[in-house]
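Before any comments, here is the structure.
The values are calculated or read from the model by the stated rules, or taken from the named source; none is laboratory data. Owing to the predicted nature of the structure, the values given are computational and were not obtained by experimental measurement. Note that we place each Cβ from the backbone using ideal geometry, even for glycine, and neighbour counts take in every protein chain shown. Ligands, DNA and RNA are stripped out before the accessible areas are found, and what is left, the full protein with its side chains, is counted by its heavy atoms. Shrake-Rupley method; radii C 1.70, N 1.55, O 1.52, S 1.80 Å.
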Amino acid sequence: MRSVSTFNTGKNLMRYPSFLCATDRGNILVSDDGSHSVYCITPEGDVVFTYTPTGERRLSGPRGITTTSTGHILVADCWAHEVVLLTPAGEFVRDLLTSHDGLQDPYGLMFCDCKLYVVETSGDAVKVFNCSIPQ
C-alpha cells in the first residue's frame, strides 16, 4: 500500500481530501475541501495540475468529482450549489449547473451518456440532468 500526501518538497499537498476518480490517462483527480482545490496527480504522486481559483470563482466546498468521455472534469461545489466544468487540463470552462437548474448542495457525481447524476447532501434522491459537454 502507498500513500500520497505531500509534495516532493515535503509540504502538505492536501488538507481534507473528499472525493477522487481516475482520468482516462490513469491519473487521479482529488477534490480537497481544506485547500478549496482540485488536484490531478499521477499514481506515483507527482502533481499534474492544481485548480485553486480565487475570488468569485473560489471553490467553497469541493466534493464529488468525475470525468466525461472527452476527459472534461466535473466538480460538485456543495456550498456554492454548482457543478463546475473544467477542461481535461484543469482550466475553468463554465458553471455547468447551478441553483437555477434546481441544484442544492451537490455532493456526489456520476456522468454517463450525456446525463449527470447528482446526489445532494439531503440524500433523499438522485437527480438526473441532461448535460451537453464540449467536444
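Contact order, relative form, for the chain: 14 percent (alpha carbon pairs under 8 Å, 6 or more residues apart, mean separation divided by residue count). The charge dipole of the chain, taken about the Cα centre with unit charges on the Cβ atoms of Lys, Arg (+1) and Asp, Glu (-1), comes to about 280 debye, rounded to the nearest 20.
Projecting the Cα atoms of THR68, TYR117, GLY102 onto the charge dipole of segment 61-123, computed from C-beta unit charges around the Cα centre, puts THR68 farthest toward the positive end.
State the percentage of accessible surface on segment 35-135 attributable to carbon and sulfur atoms; use a 1.4 Å probe and exclude ligands, DNA and RNA. That fraction is 50 percent. Multiplying the residue separation of VAL126 and ASN12 by 0.36 nm and subtracting their alpha-carbon distance yields 37.6 nm.
For the chain, the solvent-accessible area with a 1.4 angstrom probe is 55 square angstrom per residue. Each 10 Å bin from zero up to the one holding the largest Cα-Cα distance in the chain carries the following percent of pairs: 13, 46, 32, 8, 1.
Measuring r between the beta carbons of ILE28 and GLU91 and using R0 = 25 Å, the FRET efficiency lands at 0.85. If you bin all the Cα-Cα distances of segment 35-95 at 5 Å, starting from zero, the percentages per bin are 4, 19, 30, 27, 14, 5, 1.
Here the simple spin-label model places points 7 Å from the Cα toward Cβ, and for GLN104 and LEU20 these points are separated by 3.3 nm. Between TRP79 and ASP113, the simple spin-label model (points 7 angstrom out along Cα→Cβ) gives 3.7 nm. A Förster radius of 22 Å, combined with the Cβ-Cβ distance separating THR70 from ASP46, puts the computed FRET efficiency at roughly 0.40.
At the residue level, VAL48 shows approximately 80 square angstrom of accessible surface with a 1.4 angstrom probe and all protein chains present.
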